[in-house]
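Trainee: Quick one: the structure is below, questions incoming.
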Amino acid sequence: MTDFGRLLEIVRDKMRDIKAGKKMTTLDVKKLTSCGSDWETNQYTILNKVKLWKKQLHKNILFPALEESIQLSLSLEEILRENLECKLWFDTEIKVTKLNERISVYEKAHQVGFQLDKLLEFTEWALKLNRPVLDEGKILKDFIEENLIVKKISSNNNNFLGNGYFTLPDNKKELLNIYFYEIGWDWTHQNIVHTLNTKLIRSIPLEIIKNPLEELMKEFILHSQELFDPVVFVFETDLDFPYKETMYPLAEEKLLKILDIQ
């Protein structure tokens, strides 16, 4: 599988895990590719959105730019696939020689063929324009994941697919955030999919943390929690990338994958 294909598979999995109702993209792809569209205006719309995504990635802001970019690519690929089939049928079945006696029918068929060609041209152009965003987003995502280490510090596996805690440093604000997590099940798909619900419990300034994280969390569990012998994970990273738009979503994704695997 190519890197691009692997990226799409990763994000398809992630899209399944996103809570119902979350808007994946601000682009109305159906409207942008509808017959009779103003293709020049639509190009400006795509250009501006891609420009925004690139600007966000250059600031190490991964979400929602990468998700929206991939959703656009998936939607365009589906439209391209469907309309290529339509184009093949159109070219095969609509014979000019059969329509010469009915000029009005011929003209309408010609208009349909013209709009179909414009749609295919626009879709292929948009896919090509969007590709660098996908590549850059994948490189950034891979780099962050390599530098975002997660450790399980509890020996208990009870409640493993239930409740637990994890820590994640916000290096830009110099805070250690402690979260409570709860595993849920999404029944809206054909296969049951795990979801992750989290709640911020406490934020501790990094400068006052003197002991190793393992000891800190053992102390926290002993005195500050209601769960009996919960599962606890700690994330470690030196990156100070945007927390809400990059580090936190990737930490959630990485933790959910670990919980799904085990």
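The values are calculated or read from the model by the stated rules, or taken from the named source; none is laboratory data. Computed from a prediction, not measured in an experiment: that's the story for all the values here. Counting neighbours? That spans all protein chains shown, and the Cβs are built from the backbone with ideal geometry, glycine included.
Trainee: What are the residues in segment 54-104 that are aromatic (F, W, Y) and modelled with pLDDT under 55, if any? Give the steps one after another, and end with the answer.
Mentor: Pass one, segment 54-104, residues aromatic (F, W, Y): 63, 89-90.
Answer for segment 54-104, where residues must be aromatic (F, W, Y) and modelled with pLDDT under 55: just W89.
Trainee: State all residues of segment 191-211 that are assigned to a loop (DSSP other than H, G, I, E, B) and touching a residue at least 12 places away in the same chain (Cβ under 8 Å); if no residue qualifies, say none. Before you say what the answer is, go through the steps one by one.
Mentor: So the first thing to find is which residues in segment 191-211 are assigned to a loop (DSSP other than H, G, I, E, B), and the list is 191-192, 209-211.
Residue satisfying the conditions is I209 alone.
Trainee: Exactly one of these conditions fails for V150: (1) in a helix (DSSP H, G or I); (2) β-branched (V, I, T); (3) surrounded by 14 or more Cβ atoms within 10 Å (Cβ to Cβ). Give me its number.
Mentor: Result: V150 fails condition (1) only.
Trainee: Of the conditions (1) at pLDDT 95 or above; (2) buried (at least 17 other Cβ atoms within 10 Å of the Cβ), I139 clears all except one; give me its number.
Mentor: (2)
Trainee: Conditions first: (1) modelled with pLDDT of 75 or more; (2) surrounded by 12 or more Cβ atoms within 10 Å (Cβ to Cβ). E121 passes all but one, so which condition is the exception?
Mentor: Going through the list (1) modelled with pLDDT of 75 or more; (2) surrounded by 12 or more Cβ atoms within 10 Å (Cβ to Cβ), E121 breaks only (2).
Trainee: With respect to Q111, determine if the residue is of a type outside the set (F, W, Y) and either crowded, with 16+ Cβ neighbours inside 10 Å or at pLDDT 70 or above (or both).
Mentor: Details: of a type outside the set (F, W, Y): yes; either crowded, with 16+ Cβ neighbours inside 10 Å or at pLDDT 70 or above (or both): no.
So Q111 does not fit the description; no.
Trainee: Could I ask something else about it? Hey, can you tell me all the residues within segment 214-240 that are surrounded by 13 or more Cβ atoms within 10 Å (Cβ to Cβ) and under 11 Å from P169 (Cα atoms)?
Mentor: V234, F235, E236, T237, L239, D240
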